[in-house]
1. Out of VAL297, VAL313, VAL318, report the one residue that is within 12 Å of the ligand (Cβ to nearest atom), closer than 17 Å to LEU256 by Cβ and without any contact (Cβ under 8 Å) to a residue 60 or more places away in the chain.
2. With respect to ARG222, is the statement that it is out of contact with any His (no Cβ under 9 Å at 6 or more places or on another chain) and touching a residue at least 12 places away in the same chain (Cβ under 8 Å) true?
3. How about the stretch 122-138: which of its residues are within 24 Å of LYS35 (Cα to Cα) and either touching a helix residue (DSSP H, G or I) at 6+ places or on another chain (Cβ under 6 Å) or assigned to a helix (DSSP H, G or I) (or both)?
4. Among the residues of the stretch 321-363, which ones are hydroxyl-bearing (Ser, Thr, Tyr) and either within 13 Å of the ligand (Cβ to nearest atom) or free of Cβ contacts under 8 Å to residues at least 12 places away in the same chain (or both)?
5. Quick check on my filter: what residues within the stretch 245-291 are within 14 Å of the ligand (Cβ to nearest atom), in contact (Cβ under 8 Å) with a residue 24 or more places away in the chain and over 20 Å from GLU322 (Cβ atoms)?
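Values in this text are rule-based calculations from the coordinates and carry no lab data. This structure is a prediction, so every number in the text was calculated from the model and none was measured. Positions of Cβ are backbone-derived with ideal geometry, glycine not excepted, and every protein chain shown enters the neighbour counts.
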Amino acid sequence: MRVESWTEWDPLRHVIVGRADLGQVPAPEPAVNAKVPEHSDMRGRWGRRPQDSIDRANALLDDFAALLRRRGIVVDRPEPIDFDAGIQTPDFQARTQFGCMAPRDVLLTVGPEIVEATMSFRCRWFEYLAYRPLLTRYFEADPAFRHTAAPKPRLTDRSFRPGYLDDAIGVQTRLDWTARKVFVTTEEEILFDAADVIRLGRDLIVQHGFTTNRKGIAWLRRHFPDHRVHAAHFPGDPYPAHIDCTLVPLCPGLILSNPTRPLPEHLRSLFRTNDWQVVEAAPPAHAEPPPLCYSSVWLSMNVLMLDARTVCVEKTEVHQAEQLDRLGFEVVPVALRDAYPFGGGLHCCTADVYRAGDRTDYLPRP
Ligand code: ARG
């Protein structure tokens, strides 16, 4: 076996698919308070999610894993740890953990390396442990695999802006703040989530927002000196976290952009100069996310490319599926909506281990 993946679209041969076991509604903490939408049914409650929702989400994730295996893709699964248990470090306590449905948030695969992200939610500090058995196995099997853990953050109160602790900030104020890059995380220390990064060969695009700060982007830039690392800020999202419902590359020359979170001009011009087409994603099929879900309805565009012409789309996201079909892709429908509350969609619930391809320069003109 081999670890290597440079893009979001090269032929997928080996992947990790998350599990919903012991999934939690996290207890209040600064980062969670800022990210859970103000009117969400998650507010005012925390602890293990209802067992029937866990069973249903696991059935969907198992079916997705089976579908990938039928297509000849090797699928590994994490080993859930006791997410019910509270955690403590010298700097903080958290009364619950989170879960391991979304390996994309934690594991950043760039070439022959997997980086465990720092994370920025206290409840997710130990989540990497669910993946350590797999990463250890990869380390033993692949002599070229580089296993890296980014600097563990302290996540004291200094890492979070106190203004975001208020439960009733109001969406307009949030939009004003995020437009001015006033995010919940401060610049106290290096912070990034792996899902804030998209990979396009020689280029990495990193979202600056709630879960990744400037120091996190600087760390990535210094850590990957052979890449061009572009920082991106998308006004229009009151809860900016994780880039994969905002900007989603489909294949060389084609990228989906969330029409409510406009692409910054420097990236628009980079794509234009290199003859890439930026397509506005179709509207989501649903007006609301499912119960106890902290992501937005834009999980519609959280697709997983199996190769540059085959795309997995959530089965009920009919507008997104139709748009991708029109763009010429083979669309593979996958039922996953009832698993959204556990951490996200088809891209979130996976992490690349191997895609057949190399570090091509897809955006050579500056
Ligand atoms: N913040 C995104 C939205 O609500 C959800 C991103 C989920 N992505 C992930 N990798 N967990 O639009």
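1. Going through VAL297, VAL313, VAL318 in turn, the sole match is VAL297.
2. Here the answer is no, as ARG222 does not meet what is asked.
3. Across the stretch 122-138, the qualifying residues are ARG122, CYS123, ARG124, GLU127, TYR128, LEU129, ALA130.
4. Correct list: TYR340, THR350.
5. THR246, LEU247, ARG261, PRO289, PRO290
Table: residues versus (1) of a type in the set (A, V, I, L, M, F, W, C); (2) in contact with an Asp or Glu (Cβ under 8 Å, 6 or more places away or on another chain); (3) closer than 24 Å to HIS347 by Cβ; (4) surrounded by 17 or more Cβ atoms within 10 Å (Cβ to Cβ).
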site	(1), (2), (3), (4)
GLY170	no, yes, no, no
ALA179	yes, no, no, no
ASP193	no, yes, yes, yes
PHE210	yes, no, yes, yes
ASN213	no, yes, yes, yes
ARG221	no, no, yes, no
ASP226	no, no, no, no
HIS230	no, yes, yes, yes
ASP237	no, no, yes, yes
